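The values are calculated or read from the model by the stated rules, or taken from the named source; none is laboratory data. Not measured: the values here are computed from a predicted model. In this analysis, Cβ positions are derived from the backbone assuming ideal geometry, glycine residues included, and neighbour counts consider all displayed protein chains.
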Amino acid sequence: MKSFSKQVAQLLAMLLFVGAGSTALACNIPVFRYALERWRPDNLKMVVLYRGSLSEQDRGLVEAIERRSLYAGGNANVVVVPINVAGNERPKEFENLVAAASPQLKDPQAILVGSNVSGNQMVLWEGSLEQSLDAWIYESTARKELIERLQSGHAAVWVLISGQTPEETESTETMLKAELSRLSEEVPFPDGIGEPGSELYSDVPLTMEFSLITISRDDATERFLTQLAGRLAPEEYAAGHPIAIPVFGRGRALEAIPTDRLTPALVNDLCYYLSGACSCQVKEQNPGFDLLTSTNWETALFEEGVLPPDTGLLHQRRLESEPAETLPIAPGNAVTDDTSQVEPSAESGVESTHNAPSSRGLVAWLALAIVVVGAVIAVTHRT
């Protein structure tokens, strides 16, 4: 019987180790907050295609784009990739762009390229090299407001590109305002925020606020967003329907949603996804794509010289010529406000989606340990 007791004790120790380990490694930070603190925006590529060589004037334009980059003292998440279509060394990543432009290319052409969650290229804008410096490509009133809201703690900002008919736009806007207002009140925070593995590193308030920005498709200063909506949902945009784009984190758009798919149920599901525990911390395995923004997110979110652990990032974040820099890691902030641990209301009809254990999981494992050990001692004593 002693050998049986020893085996049970060993098994129990193993279970406790696994249970405690899973508790310690759990991430209970909402997806939107994890993205805000940990997911740096992808570097969008301004691909400059030219034949033979660039003139002195064109080289000056390329340098002007480079100065907008975060790596050159600017605030835009963009890097320049010059490609000579007549040269032998051309990045395979952009062979499709070279092949499409090469036969008729005379003057330099610029193409802004991003990527979606599948790693597929997304052309966000294209035009002449001179046009690539137009201010509206890099920033606009709506994007400034979007950035300010995200940096002040909004969980997500829904951008609505208007339709051609005021009635359809107003109907869509009314539905979104009602749903986002309801969800801002009803959606709960995951349990365990602030526990080990779920620390917060920024002093930005943790709020469950979903808001709306409406943009006219005829606003010339917002052409970047309106043309993007047209590229992502071409048929619906051409038909004059409104397009909604939910944005979270550091300007990461989930998708472009035309009105024929934009239902209260979908708005509900997407908001609950963004507010649920971040079960997958790898950015590139989560849906969405990054917008072109002009702001220094880390300066806005963190104290000088202190950044959170750089996790969930697969893409290169620096120019290869730039040496790596070691930064101190802040200890993180625990959430002590009990009001942040709100459970879903009965009326919401949505069950909690927490899929990571909290401290209560460890208590349960300890309780199980006591019961099993007690039973083993009792049986051993009788024998």
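If you check residue 244 against the conditions, is it more than 21 Å from residue 31 (Cβ to Cβ) and surrounded by 17 or more Cβ atoms within 10 Å (Cβ to Cβ)?
no
Does residue 117 satisfy being among the hydrophobic types (A, V, I, L, M, F, W, C) and modelled with pLDDT under 85?
Judged against the criteria, residue 117 is a match.
Could we say that residue 266 is modelled with pLDDT of 95 or more and either at positive phi or under 16 Å from the mean Cα position of the chain (by Cα) (or both) here?
Criteria not met by residue 266.
Run residue 54 past the list (1) modelled with pLDDT of 90 or more; (2) in a loop (DSSP other than H, G, I, E, B); (3) more than 17 Å from residue 128 (Cβ to Cβ) and report the number of the one that doesn't hold.
(3)
Only one of 142, 76, 135 is surrounded by fewer than 13 Cβ atoms within 10 Å (Cβ to Cβ) and within 21 Å of residue 293 (Cβ to Cβ); which?
135
Mind checking which residues of the range 162-191 are polar (S, T, N, Q) and either surrounded by 20 or more Cβ atoms within 10 Å (Cβ to Cβ) or part of a helix (DSSP H, G or I) (or both)?
Across the range 162-191, the qualifying residues are 162, 169, 171, 172, 174, 181, 184.
Just one of 140, 128 is more than 26 Å from residue 40 (Cβ to Cβ), in contact with an Asp or Glu (Cβ under 9 Å, 6 or more places away or on another chain) and small (Gly, Ala, Ser); which is it?
Going through 140, 128 in turn, the sole match is 128.
What is the one condition in (1) under 18 Å from residue 255 (Cβ atoms); (2) of a type outside the set (Ser, Thr, Tyr); (3) under 21 Å from the mean Cα position of the chain (by Cα) that residue 190 does not satisfy?
In the conditions (1) under 18 Å from residue 255 (Cβ atoms); (2) of a type outside the set (Ser, Thr, Tyr); (3) under 21 Å from the mean Cα position of the chain (by Cα), residue 190 misses (1) alone.
Among the residues of the range 66-92, what is the count of those that are within 26 Å of residue 104 (Cβ to Cβ) and free of Cβ contacts under 8 Å to residues at least 12 places away in the same chain?
Number satisfying all stated conditions: 6.
What about residue 114, is it within 18 Å of residue 292 (Cβ to Cβ), more than 26 Å from the chain's Cα centre (by Cα) and assigned to a strand (DSSP E or B)?
No, not satisfied.
So that you can scan it fast, the table gives a plain yes or no per residue for (1) over 25 Å from the mean Cα position of the chain (by Cα); (2) assigned by TED's automatic domain parsing to the domain that holds residue 84; (3) at pLDDT 95 or above:
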| position | (1), (2), (3) |
| --- | --- |
| 21 | yes, no, no |
| 38 | no, no, no |
| 48 | yes, yes, yes |
| 69 | no, yes, no |
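Could you go through the range 215-229 and let me know if any residue there is among the charged types (D, E, K, R), in contact with a His (Cβ under 9 Å, 6 or more places away or on another chain) and either surrounded by fewer than 18 Cβ atoms within 10 Å (Cβ to Cβ) or touching a residue at least 24 places away in the same chain (Cβ under 8 Å) (or both).
No, because not a single residue in the range 215-229 is among the charged types (D, E, K, R), in contact with a His (Cβ under 9 Å, 6 or more places away or on another chain) and either surrounded by fewer than 18 Cβ atoms within 10 Å (Cβ to Cβ) or touching a residue at least 24 places away in the same chain (Cβ under 8 Å) (or both).
Do we have residue 145 as modelled with pLDDT under 95, of a type in the set (D, E, K, R) and out of contact with any helix residue (DSSP H, G or I) (no Cβ under 6 Å at 6 or more places or on another chain) here?
no
Got at least one residue in the range 293-308 being over 15 Å from residue 43 (Cα atoms), among the charged types (D, E, K, R) and at pLDDT below 50?
no
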